[in-house]
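Read the figures in this text as sums done on the coordinates, not as results from a lab. Keep in mind that this is a model prediction, so the values were computed, not measured. Don't worry about glycine lacking a Cβ; one is built from the backbone with ideal geometry, like all the others, and counts go over all protein chains shown.
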Amino acid sequence: MAFTGKTALITGVSRGIGAAVAEAFAGAGARVAGIDLEPPGQALDLFYRGDVGEQEALERFAAACAEAFGQVDFLINNAMLTRGGMDRCGFQDFLAALRVGVAAPYYLSRLLLPHFAPGASIINISSTRAFQSQANTESYTAAKGGITALTHAMAVSLKGRARVNAIAPGWIDTSCSAFSGSDLRQHPAGRVGKPSDIAQAALFLCGEGASFITGQTLVVDGGMSRLMVYHGDEGWTLS
């Protein structure tokens, strides 16, 4: 119960990584508040139903948290969406991805500045898509690249107020699927990732043991992005 008496705010809290982070922080004793478009499957100390891509929703959520808790110890900017890329993503769709993935974390952090407790920590959920891509993923990839750069910028601006780090997940299964064969072998760790893997990384970065870490991006991908693949190597063929 290392976080007893502390407050964690999480965006995109209703499923997947956000839900796992909420469960982990509650299990560590923290009070948990969240914002999402749909209610979460677990009870939170405060839930605000809203779209983080909308300025008013962020302002109302920040105000509700400040009134309910007085101070914020941890902010986990997790919410994200994708609108595809060159295949189908138009101007407004591209901006929508950037509003949720980059503008919202920036603005919510700024709104909460007066309420950050001493030793506060901000975690931005990035992605290995910030460093490598599939075709037609430009809206998502641009947002993840943006939040990765935003992380070190905020870490410098908020020195003495809050530590700011990012977590870049790789392949994280949020559907409890079963995998075998090449899906496992492409991960040096031997398995596909779980939301709890990201939650544990967030607990570490928010803890006292990480007090000298700020402005960094922690890649949590089972080593997948470090495996160099050649045609015919490791059982891989290109068809």
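In a simple Cβ point-charge model (Lys, Arg +1; Asp, Glu -1; nothing else charged), the chain has a dipole of about 400 debye relative to its Cα centre. Both radii come from the Cα set of the range 184-239: Rg as radius of gyration, Rh as Kirkwood radius; their ratio Rg/Rh reads 1.14.
With neighbours defined as other Cβ atoms within 10 Å of a residue's Cβ, the residues TRP171, TRP236 order from fewest to most as TRP236, TRP171. Residues whose amide H falls under 5 Å from that of ILE122, counting only those 5 or more places apart or on a different chain, are LEU75, ARG163, VAL164, ASN165, with hydrogens built in the peptide plane. Across all Cα pairs in the range 123-187, the calculated P(r) in 10 Å bins from zero up to the longest distance comes to 19, 38, 29, 12, 3 percent per bin. This ranking places ASP87, ASP183, ASP51 by how few other beta-carbon atoms lie within 10 Å of each, fewest first, which gives ASP87, ASP183, ASP51.
Centre-to-centre, using Cα atoms only, the range 1-69 and the range 184-210 are separated by 21 Å.
Going Cα to Cα from LYS6, which lysines come in below 23 Å? Please leave out same-chain ones fewer than 8 positions away. Excluding near neighbours in sequence, the set is LYS159.
Using the Cβ of ASP197 as centre and a radius below 11 Å, the other residues enclosed give a net charge of 0, where K and R count +1 and D and E count -1.
Per residue of the chain, the DSSP helices (runs of n ≥ 4 H) give a summed -39500 (n - 2.57) that works out to -10000 deg cm²/dmol at 222 nm. Beta bridges per DSSP, both residues in the chain: antiparallel share near 0 percent.
So how do TYR106, TYR140 line up by other beta-carbon neighbours within 10 Å, fewest first?
Listed from fewest to most nearby Cβ atoms, that is TYR106, TYR140.
Near the amide H of VAL220, within less than 5 Å, lie the amide hydrogens of ALA168, GLY170, all on another chain or at least 5 residues away, with H placed in the peptide plane. Taken one residue at a time, the phi angles of the range 63-77 give Karplus couplings (6.51, -1.76, 1.60, θ = phi - 60°) of 5, 5, 5, 4, 5, 6, 10, x, 9, 10, 9, 9, 10, 10, 8 Hz. Gly and Pro are set to x.
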